[in-house]
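**Student:** Below are the structure tokens for one structure; questions will follow.
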Amino acid sequence: MTVGLLKVGIASYEEMKARTLAIARGKLKPRPGDPKVWFPSMESLAKVLSAKNRELLRVIAERAPRSLEELAVLTGRRESNLSRTLKSLESYGVVKLLRGPRGRVVARVHAKRISLEVLLLDRSLPRRRRKAG
């Protein structure tokens, strides 16, 4: 099952911690359109969506390999490298890793498009108080 659009956000660790705590305390209610996946920086997003990884996604979508072994042959990448990359992509909701016949790992593209939201000034989070001094 593929989702058409995966909405991702960029927020620092401190911003995400404040957001998570505000949600847990009931001070912030996430909106339905809020990102479900967050990256700590633009650089980390760029690594996940590198040209090499986007090419990997294209091969998965177009060729539908039936195993990690078959994907390795199609891409010329080592299985161990593919496994790490795919687990990372799965953690961000970009691919789904399934068990195929005989327990083989099968990768499927989960998100065809990504929309980006960057927190520049998030007024919905509680403000930090500065220490006097």
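Laboratory data are not the source of any read-out in this text; all were calculated from the coordinates shown. Since we're looking at a predicted model, the values are computed, not measured. All Cβ positions, glycine included, derive from the backbone under ideal geometry; neighbour counts span all protein chains shown.
**Student:** To make sure I understand, if each residue's beta carbon is the centre and we count other beta carbons within 10 Å, what order do I10, I23 fall in, fewest to most?
**Tutor:** On the way: I10 20, I23 12.
By the 10 Å Cβ count, ascending, the order reads I23, I10.
**Student:** While we're here: If you count the DSSP beta bridges with both ends in region 3-118, what percent of them are antiparallel, to the nearest 5?
**Tutor:** The antiparallel fraction comes to roughly 35 percent.
**Student:** Give me M42, M16 ranked fewest to most by other Cβ atoms within 10 Å of their Cβ, as a rough exposure proxy.
**Tutor:** Ascending number of Cβ neighbours within 10 Å: M42, M16.
**Student:** Neighbouring Cβ atoms within 10 Å as the yardstick, rank Y92, Y13 fewest first. Present the calculation step by step, with values, prior to reporting the outcome.
**Tutor:** Numbers: Y92 20, Y13 10.
Listing Y92, Y13 from fewest to most nearby Cβ atoms yields Y13, Y92.
**Student:** Further question: Using the Kirkwood formula over every pair of different C-alpha atoms, what hydrodynamic radius in Å results for region 3-118?
**Tutor:** 15.5 Å
**Student:** Taking 2.2 N^0.38 Å as the expected size of a compact globular protein, what ratio does the Cα radius of gyration of region 43-110 give against it, to two decimals?
**Tutor:** For region 43-110, the normalised Cα radius of gyration is 1.01.
**Student:** What length, rounded to one decimal in nm, is gained on full extension from S12 through to R108, with 0.36 nm per residue of separation minus their alpha-carbon distance?
**Tutor:** Extra length from S12 to R108 when fully extended: 31.6 nm.
**Student:** Next question, about the same structure. Given only helices, namely DSSP H runs of n ≥ 4 each adding -39500 (n - 2.57), what is the per-residue ellipticity at 222 nm of the chain, to the nearest 500 deg cm²/dmol?
**Tutor:** Taken over the chain, the calculation gives -12000 deg cm²/dmol.
**Student:** Calculate, in nm to one decimal, what E117 and I23 gain on full extension: separation in residues at 0.36 nm each, minus their alpha carbon distance.
**Tutor:** Taking 0.36 nm per residue and subtracting the Cα distance, the gain is 32.0 nm.
**Student:** Over the chain, how many pairs of lysines fall under 15 Å by alpha carbon, counting only those 8 or more apart in sequence or from different chains? Could the numbers behind the result be given before it?
**Tutor:** Numbers: K7/K36; K7/K112; K17/K27; K17/K29; K17/K36; K47/K87; K87/K96; K96/K112.
Within the chain, the lysine pair count is 8.
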